[in-house]
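Taking it in order: structure first as structure tokens, then the write-up.
Just so it is clear, none of the values below were taken in a lab; they were calculated from the coordinates. Bear in mind that the values here come from a model prediction, so they are computed numbers and not experimental data. Cβ placement follows ideal geometry from the backbone for every residue including glycine, while neighbour counts extend to all protein chains displayed.
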Ligand SMILES: O=C(O)CCC(=O)C(=O)O
């Protein structure tokens, strides 16, 4: 699939090579309730705009269609999936996966091993409210770590049983980790927007058997 890109780089993020910052105390945790939490580490990937452009060009993006009631509809974003034994499309993503595994080793007790990549081309691309509850996350606490590249989009979270929602604008190398019961007790979404937003890539690292 040929992907065209109309992307405004961040002035803060134009280092020639991408690299990872520290985790440790730079990671800020927000306790959501119901046993769920999110960690945020702004601008974890330095020089992320170059990485974004490389991934746009080199990842084998594909479009999916899915059944919705009596119709088959386009999934409004492009996707690419890397399993446990696949080489990731950029060495920096392998470094990121391993650094996250190291940082969360005590709490998670297992490594991150798969990577799902989503490409939101503009404000019409989106993902509806959902929790990632296919596999072990249906019953177990786990973590999903999201590295956001390109233009910021708002990742929204809301409790499944009702209540206020909260949102994080994620792009240009920001890290957000959903943990605890978050996939079972909360839902998350990137909603469509009529605002003129640029393209964004989300890289989600998950432990084995979580989808
Ligand atoms: O774009 C994101 O960061 C969220 C992606 C997501 O929720 C999913 O693919 O399940």
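Overview of results
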item	result
Contact order normalised by residue count of segment 1-126, Cα under 8 Å, 6+ apart, percent	22
Cα shape, segment 114-169, gyration tensor, a/c 1.5 rule	oblate
GNM flexibility winner over the chain from 63, 145, 194 (Cα, springs under 10 Å)	194
Candidates 64, 94, 46, ranked by Gaussian network fluctuation over the chain, Cα under 10 Å, top entry	64
Reciprocal of mean inverse Cα separation for segment 125-211 (Kirkwood radius, Å)	13.4
Order of 119, 85 - criterion: other Cβ atoms within 10 Å of each residue's Cβ, fewest first	85, 119
Relative pair counts by distance (%), Cα atoms of segment 52-98, 5 Å bins	5, 17, 21, 20, 14, 11, 8, 4, 1
Convex hull of segment 65-211 built on C-alpha atoms - directionally averaged projected area, nm²	9.4
Exposure proxy order (Cβ contacts within 10 Å, fewest to most) of 66, 124, 158, 206	66, 124, 158, 206
Computed over the chain: relative contact order in percent, which uses C-alpha pairs under 8 Å that are six or more apart	27
